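Here the structure comes first, spelled out in structure tokens, and everything after it is commentary.
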Amino acid sequence: MKRSPGLLFALLPLLAPTLLLAPGVAADENPFRGPSEFWSEGRFHQESIDLSRLDEGVIKARVDGTWREYANRELPEAFATWSFGRRRVTLERLGGKEPPQLSGPHNAMVASHGAQRGDSEFAINNAVKGMGWLPRPEKLAEVIGLLEATAAADFPVKLATLDSLYALGTEVFDPRCQVSLELYSTPEFETGSFINQMTSPACAVVFLDIPSFEFKALVHLLHPEDARLSAVEKLQSRYVNLVHSYIHGDFDRRFIAAVYYVIEVYDNSPGKPDARGRRVVPALPTMP
């Protein structure tokens, strides 16, 4: 006997809340939010991370429900050489009106764990994020001024400006972290990354390329209107939004900035006997 597709389609609205929502989420609840309330008057302050001792190289964070201290470490020279080199090649491609490649240091895969969003039965998430470098604290204001002064310049001038900065490498940029933007989270819609990082800020960041690097980090989320941000954190938020719009064009709002403070670094490069996912920061003894 043939089944009527019309009956199935008629039943789908009744079945969908049971099939698609996480356990404990009522059909009339917003499925695109986590279990905790992070927002107040359209903004938030991340309470799961404490950077008061960052100048000492120490970060305190609540990971998997437990507070402990972590050492903030620098990305290795091999990572910096690869990242800045590949970024300068990308600028050349853009100058020649060629599209950027998907592999490389810009597109980072960020894995996180923390709390279920209303539409999932899992508290895990993976997302591709645009990742970049953050100027050292003492260089932030200077680099912001340079980008603002050339923001209206022709595209080749912008590319040359970025290339001149990348050529200076870690003389300008901070090897202790990488940065990104949380583009989509609002009080009405929270991404899986946002929910997890607000709950438990530990995450793993992987780059698809050869060499292939991974670093594990604690991420600090900065709402641009958070009155509790320090002077340096306000500059960080301003810079990450500025460098994004420098290439992609102006936006009608400022986005949440994400600073990924490096804790561990791994070499995941295939075909290298001394790699195979081996931790390189902090260094381990040579593998057998």
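The values are calculated or read from the model by the stated rules, or taken from the named source; none is laboratory data. The structure displayed is predicted, hence computed values, not measured ones. Cβ placement follows ideal geometry from the backbone for every residue including glycine, while neighbour counts extend to all protein chains displayed.
What to note about this one:
- Contact map, region 184-203: residues that are free of Cβ contacts under 8 Å to residues at least 40 places away in the same chain paired with residues that are assigned to a loop (DSSP other than H, G, I, E, B) and surrounded by fewer than 24 Cβ atoms within 10 Å (Cβ to Cβ), Cβ distance under 7 Å, separation 6+ or inter-chain. Pairs shown: Tyr184/Thr191.
- Selection count where residues are under 22 Å from Glu264 (Cα atoms), in a loop (DSSP other than H, G, I, E, B) and over 18 Å from the mean Cα position of the chain (by Cα), scope region 63-119: 3
- Failed item in (1) surrounded by 18 or more Cβ atoms within 10 Å (Cβ to Cβ); (2) at pLDDT below 95; (3) not aromatic (Phe, Trp, Tyr), with Ser83 passing the rest: (2)
- Checking each residue in region 228-244 for being aliphatic (A, V, I, L, M), out of contact with any helix residue (DSSP H, G or I) (no Cβ under 9 Å at 6 or more places or on another chain) and touching a residue at least 40 places away in the same chain (Cβ under 8 Å) picks out only Val240.
- Residues in region 36-52 that are out of contact with any Asp or Glu (no Cβ under 8 Å at 6 or more places or on another chain) and surrounded by fewer than 18 Cβ atoms within 10 Å (Cβ to Cβ): Ser36, Glu37, Trp39, Ser40, Glu41, Glu47, Asp50, Ser52.
- Annotation: of all residues in region 56-73 being among the basic types (Lys, Arg) and either under 18 Å from Ile195 (Cα atoms) or in contact (Cβ under 8 Å) with a residue 40 or more places away in the chain (or both), the one that is surrounded by the fewest Cβ atoms within 10 Å (Cβ to Cβ) is Arg62.
- Residues located in region 76-125, provided they are of a type outside the set (A, V, I, L, M, F, W, C), touching a Lys or Arg at 6+ places or on another chain (Cβ under 9 Å) and within 28 Å of Val63 (Cα to Cα): Pro105, His106, Asn107, Arg117, Gly118, Asn125
- Positions within region 227-245 being surrounded by fewer than 17 Cβ atoms within 10 Å (Cβ to Cβ) and assigned to a loop (DSSP other than H, G, I, E, B), in sequence order: Ala227, Arg228, Ser230
- Options Asp267, Asp252: the member that is under 24 Å from Leu162 (Cβ atoms) and over 15 Å from the mean Cα position of the chain (by Cα): Asp252
- Note on region 121-132: residues that are in a loop (DSSP other than H, G, I, E, B) and either closer than 22 Å to Phe255 by Cβ or touching a Gly at 6+ places or on another chain (Cβ under 7 Å) (or both) total 2.
- Scanning region 149-188 for residues that are surrounded by 13 or more Cβ atoms within 10 Å (Cβ to Cβ), part of a helix (DSSP H, G or I) and either touching a strand residue (DSSP E or B) at 6+ places or on another chain (Cβ under 6 Å) or among the acidic types (Asp, Glu) (or both) yields a single hit, Asp163.
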